[in-house]
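The values are calculated or read from the model by the stated rules, or taken from the named source; none is laboratory data. All values reported here derive from a predicted model rather than from experimental measurement. Cβ coordinates were reconstructed from backbone atoms using ideal geometry, including for glycine residues, and neighbour counts include every protein chain displayed.
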Amino acid sequence: MRILVLAPHPFYIDRGTPIDVDILVRALCELGHEVHLATLHAGEDRHYDGLTIHRIEEPKGVGMPKPGFSGAKLKCDVKLFALAKRLIREIKPDVIHAGEEAVFMARWFKMTQGIPYVYDMDSSIAQQMVEQIGALRFLSPIFHAMEGIGVKGAVACAPVCHALADVAKKQGAKRSVTLHDISQLEVEALEPTGWLRERCGIGESSTLIVYCGNLQEYQGVGLLIEGMAEAIKGGADVDAVIAGGEPAQIQNCKEQARKLGIEDRIHLIGRWPADKLGELLIEGDILTAPRIKGVNTPQKVFPYLHTGRAVLVTDLPTHSQILTPEVCRLAPADPVGFGSAIADLASDREKCETLGQAGRKFAEAQHTYPAHRRRVRELYAEVSAALDLNN
C-alpha cells in the first residue's frame, strides 16, 4: 500500500510517541509498503527503504513543541493539515495512518475525498485534555464524543494498550489490533561497569534506583522523591538517579528533595539519549515508573523489564492492565506505600533477582521488535481485507 502517516509532533526525538511512530514506519517499510510521513519541522530524519519524510515549515516563534495541548501545537497543526492536503493530491495514498489530533484531519479527508484511515491510539485525546486543563472537565462528554467520531470513522484502530483497546471497542471500532510498546534494547551487550555510581558519588552499599523519562507531573517523579524520603526515614540505604526533564523541572525536583532533607540521595542528571538507554538502566538495581495519571502503559517499562533488573511501578491501571506481581513490584501510589515498596526491594536482593528474571522473559516473549512487526502485519492485513471488501 501507499500509506500517508500523519504525525502531529516532532519526529524523530527521544520521546514516547515519536519512538512509537519510528517503529511503526520501520515495520511498514520492512513489510513492503510505501510510506510517506507528514510531520512537524522539528526532529531528526530516519532512513528506511520506502520511507519519505515531509515536514511543515516552522511556524514563527514555535521552536520545539512540548507534549500536550498548546497554542504552538495549534499553529503546527494548521500547517500539518495544509501539508497533508498537498500530499494527498500528489501521492494519492491508499490509506492514512493518523495519530493524536491528526485523526480529525484524516476524518475530514475521508469525508471529502473518500480516503480510509487508521486511527493510531497512542493515548486518549479526551482524557489528556481534561487532565492537562482541569477547567475543561465540564467539556469531557464533548471530548469523548469527538474521540468517538474518530474511532467510528476509522477502517481500523491501533490502540497502544488494553485500556485504549477497551475505549476503542466501547466507541464502536470496526476492527482493532493493539500495537503494544516494546523494548529495543540489545540486552546481551549490556554489562554494568559502575560508571553511574562513580559519576554521582553513590556508595557500593546503597541500592540504586533509576528513573528515565520526562518530568511532567503525570510521570509521578514527585511521588518517587517523597517515597524515597519515607524509605530513608525508615532506615533504607537507597539512592535515586533521575534522568530527563527540562532545566526548570530539574530545579523543582532538587528543591523538593532539599525540603525533604534527602538532596544528597536524589541525583538528577538531565536528558538521556534513547540510543544509550541500556547503558543507563543496566547500572540500576531497581528501575522505576511511578506514573500517577493516564491509561496507557508507559513505554519505558518494557526496556526496564528487558534488562533483567527488578522493576517498581505504581499499582494503577496504567501499569496493572498488563503487568502482574509475578514480573514487577506493584506499589500503592502514595508516599508511604511507595516508600515501603522501595525499602522492601532494597532489603531483598533475592526477590529483586526473581522479579528481574521473570520480567525479562515477559518482555522477550511479547514486547520486542519482532513481536511488534507481527502485530503491524496483522493490522494491515485486516485493513487490506477491509478495503478489498469495500471496493
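When you scan the range 42-63, how many residues do you find that are assigned to a loop (DSSP other than H, G, I, E, B), modelled with pLDDT of 95 or more and either in the same structural domain as A274 (by TED's automatic domain parsing) or closer than 20 Å to V78 by Cβ (or both)?
1
Given the conditions (1) farther than 23 Å from L277 by Cα; (2) at pLDDT 95 or above, and given that V25 satisfies all but one, which numbered condition is not satisfied?
(1)
Which of the residues spanning the range 268-293 are touching a Ser or Thr at 6+ places or on another chain (Cβ under 7 Å), crowded, with 21+ Cβ neighbours inside 10 Å and not hydrophobic (A, V, I, L, M, F, W, C)?
Once the filter is applied, which keeps residues that are touching a Ser or Thr at 6+ places or on another chain (Cβ under 7 Å), crowded, with 21+ Cβ neighbours inside 10 Å and not hydrophobic (A, V, I, L, M, F, W, C), the range 268-293 yields P290, R291.
Out of all the residues in the range 346-385, which are surrounded by fewer than 16 Cβ atoms within 10 Å (Cβ to Cβ) and touching a Gly at 6+ places or on another chain (Cβ under 7 Å)?
Result: Q357, single match.
Considering A333, A358, which residue is on the phi < 0 side of the Ramachandran plot and part of a helix (DSSP H, G or I)?
Unique residue meeting the criteria: A358.
Evaluate the following for A381: is it over 26 Å from Q219 (Cβ atoms) and modelled with pLDDT under 95?
no
So the check is Cβ under 8 Å with 6+ separation or different chains; which pairs have a first residue in the range 169-180 that's at positive phi and a second one that's of a type in the set (A, V, I, L, M, F, W, C) and surrounded by 19 or more Cβ atoms within 10 Å (Cβ to Cβ)?
Correct list of pairs: G172/V151.
Please work out which one of (1) under 16 Å from the mean Cα position of the chain (by Cα); (2) assigned by TED's automatic domain parsing to the domain that holds E353; (3) not small (G, A, S) is the condition R197 fails and give its number.
(1)
May I ask you to list the residues in the range 148-166 that are out of contact with any strand residue (DSSP E or B) (no Cβ under 7 Å at 6 or more places or on another chain), in contact (Cβ under 8 Å) with a residue 12 or more places away in the chain, closer than 12 Å to M121 by Cα and assigned to a helix (DSSP H, G or I)?
Matches in the range 148-166: G148, H162, A163.
I need the full set of residues from the range 235-262 which are over 17 Å from I342 (Cβ atoms), surrounded by fewer than 20 Cβ atoms within 10 Å (Cβ to Cβ) and out of contact with any Asp or Glu (no Cβ under 7 Å at 6 or more places or on another chain), in order please.
E246, P247, A248, Q249, I250, Q251, N252, E255, R258, K259
I'd like to know if the range 224-234 contains one or more residues that are surrounded by fewer than 18 Cβ atoms within 10 Å (Cβ to Cβ), outside any strand (DSSP E or B) and under 27 Å from the mean Cα position of the chain (by Cα).
Scanning the range 224-234, I find no residue that is surrounded by fewer than 18 Cβ atoms within 10 Å (Cβ to Cβ), outside any strand (DSSP E or B) and under 27 Å from the mean Cα position of the chain (by Cα), so the answer is no.
Examine the range 286-296 for a residue that is farther than 30 Å from I3 by Cβ and in contact with a Cys (Cβ under 6 Å, 6 or more places away or on another chain), and state whether such a residue exists.
no
Does any residue of the range 123-131 turn out to be surrounded by 20 or more Cβ atoms within 10 Å (Cβ to Cβ), outside any helix (DSSP H, G or I), touching a Leu at 6+ places or on another chain (Cβ under 7 Å) and at pLDDT 95 or above?
no
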